[in-house]
Amino acid sequence: MTAADMSLEQALQTRRSVRGFLDKPVPRETLDAVFALAQLTPSNCNIQPWRALVASGSVRDTLRARMVEKAGNGVMINPDFEAMPTFEGDYRRRQVDCAVELYNNMGIARDDKAGRTRAVLRNFELFDAPHVVFIGMDRRFGVTVALDVGMYIQSLMLAMTAFGIGSCAQGSMRYYPDDVRELFDEPDSTAILCGISFGYEDVAVPANRTRIGRDPLAASVVFRS
């Protein structure tokens, strides 16, 4: 497929985190179309600060194996940016609601430590996705430029959705950035912000039954006139 099959509104309503993929690579012409759309993302002074490092085939296999080994053996993480903050209040409530829905669908009880450990490792297995894209930027850039990269990530995932491709944005993909830079021959100046596993959804995977709602508009949007 080289043309999107849904509108922007449909893509926004349909996009969600997919955590189980078919062993079916996305054709290169479709990848080119998706990433070309994401390239249209606006940025400060049109600097286009994003770096998108797409791993497929043997490169994907090597990165997956390295991350699984390190995560499974408790190797200390080495992210280029500080770790996720602790959430409180409504932010914490939403986080917990999301986790409860996901783990319930996966059949993992709160006291099932082995099950939860296995679920965490699934991140580093890329949920069996045939592709993963690591998103980076020059490490000299700060939060202002990171906002541009965030818009790129949103554009990319919506484009994927419109082309029938499932995706899951993963903060865990920034834990071992040295391996990413090595496999892509990237300089140390490229810092990794996150990764996105993507491919065609396997609807038989229980985690993919997860549906997360949103709070009412009034919870985050203020209109004044």
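The values are calculated or read from the model by the stated rules, or taken from the named source; none is laboratory data. The shown structure was predicted, so the numbers you read here are calculated from the model rather than taken from an experiment. Every residue, glycine among them, receives a Cβ derived from its backbone with ideal geometry; neighbour counts consider all protein chains shown. Surface areas here come from the heavy atoms of the whole protein model, side chains and all, with no ligands, DNA or RNA. Shrake-Rupley method; radii C 1.70, N 1.55, O 1.52, S 1.80 Å.
In deg cm²/dmol and to the nearest 500, what is the mean residue ellipticity at 222 nm of the chain if only DSSP H runs of at least 4 residues count, each as -39500 (n - 2.57), divided by the residue total?
Working: 7 runs with 92 residues, N = 225.
It comes out at -13000 deg cm²/dmol, rounded to the nearest 500.
By the scheme Lys and Arg +1, Asp and Glu -1, what is the net charge of all other residues having a beta-carbon under 12 Å from that of Pro49? The partial results should precede the final answer.
Values: positive: Arg51, Arg139, Arg140; negative: Asp138, Asp148.
Summing Lys and Arg as +1 and Asp and Glu as -1 gives +1.
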Please report the carbon-and-sulfur percent of the accessible area for the stretch 82-225; probe 1.4 Å, protein heavy atoms only, DNA, RNA and ligands left out. 55
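Taking K and R as +1 and D and E as -1, what net charge do the other residues with C-beta under 13 Å from the C-beta of Cys98 add up to? Walk me through the numbers on the way to the answer.
Numbers: positive: Arg16, Arg19, Arg92, Arg93, Arg94, Arg211, Arg214; negative: Asp90, Asp97, Glu101, Asp215.
Residues near Cys98 contribute +3 overall.
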For the stretch 36-127, shape from the Cα gyration tensor axes a ≥ b ≥ c, cut at a/c of 1.5 then a/b versus b/c, turns out oblate
Size of the dipole of the stretch 80-220 about the Cα centre, Lys and Arg at +1 and Asp and Glu at -1 on the beta carbon, nothing else charged, in debye to 20? 580
Among Thr30, Thr62, Thr117, residue whose mean-square fluctuation peaks in a GNM of the chain (springs only between Cα atoms under 10 Å): Thr117
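From the Cα gyration tensor of the stretch 160-225, with a ≥ b ≥ c the square roots of its eigenvalues, which class applies: rounded if a/c is under 1.5, or else prolate if a/b is larger than b/c, or else oblate? Each step should come with its number before you reach the end.
Working: a/c = 2.71, a/b = 1.42, b/c = 1.91.
Here the stretch 160-225 falls in the oblate category.
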According to a simple spin-label model (label point 7 Å from Cα along Cα-to-Cβ), what is the distance in nm between Ala52 and Glu182? 2.7
Taking 7 Å along the Cα-to-C-beta vector as the label spot, tell me the Asp215-Ser43 distance in nanometres, rounded to one decimal. 3.2
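Mind ordering 123-136, 146-159 by average Cβ neighbours within 10 Å, highest first?
Working: 123-136: 22.9, 146-159: 19.3.
Highest-to-lowest ranking by the protection proxy: 123-136, 146-159.
What FRET efficiency would be calculated for the residue pair Ala146, Lys24, taking the C-beta separation as r and a Förster radius of 25 Å, to the nearest 0.05?
Working from the Cβ atoms, E equals 0.15.
Based on Cβ point charges of +1 for Lys and Arg and -1 for Asp and Glu, what charge dipole magnitude is obtained for the stretch 30-153 about its Cα centre, in debye rounded to the nearest 20?
On the way: 15 positive and 15 negative charges, 52 e Å.
That gives the stretch 30-153 a dipole magnitude of about 240 debye.
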Loop-only check: which trypsin sites (Lys or Arg not before Pro) in the stretch 120-225 are DSSP coil with at most 10 other Cβ within 10 angstrom? Arg140, Arg211, Arg214, Arg224
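Rounded, prolate or oblate: which fits the chain when a ≥ b ≥ c are the square roots of the eigenvalues of the alpha-carbon gyration tensor, with rounded for a/c under 1.5 and prolate only if a/b beats b/c?
Numbers: a/c = 1.17, a/b = 1.03, b/c = 1.15.
Note, shape of the chain comes out rounded.
Before I look further, what does the chain give for accessible area per residue, probe 1.4 Å, in whole square angstrom?
Per-residue value: 57 Å².
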Just how far, in whole angstrom, is the stretch 16-49 from the stretch 57-91 if you go by their alpha carbon centroids? 21
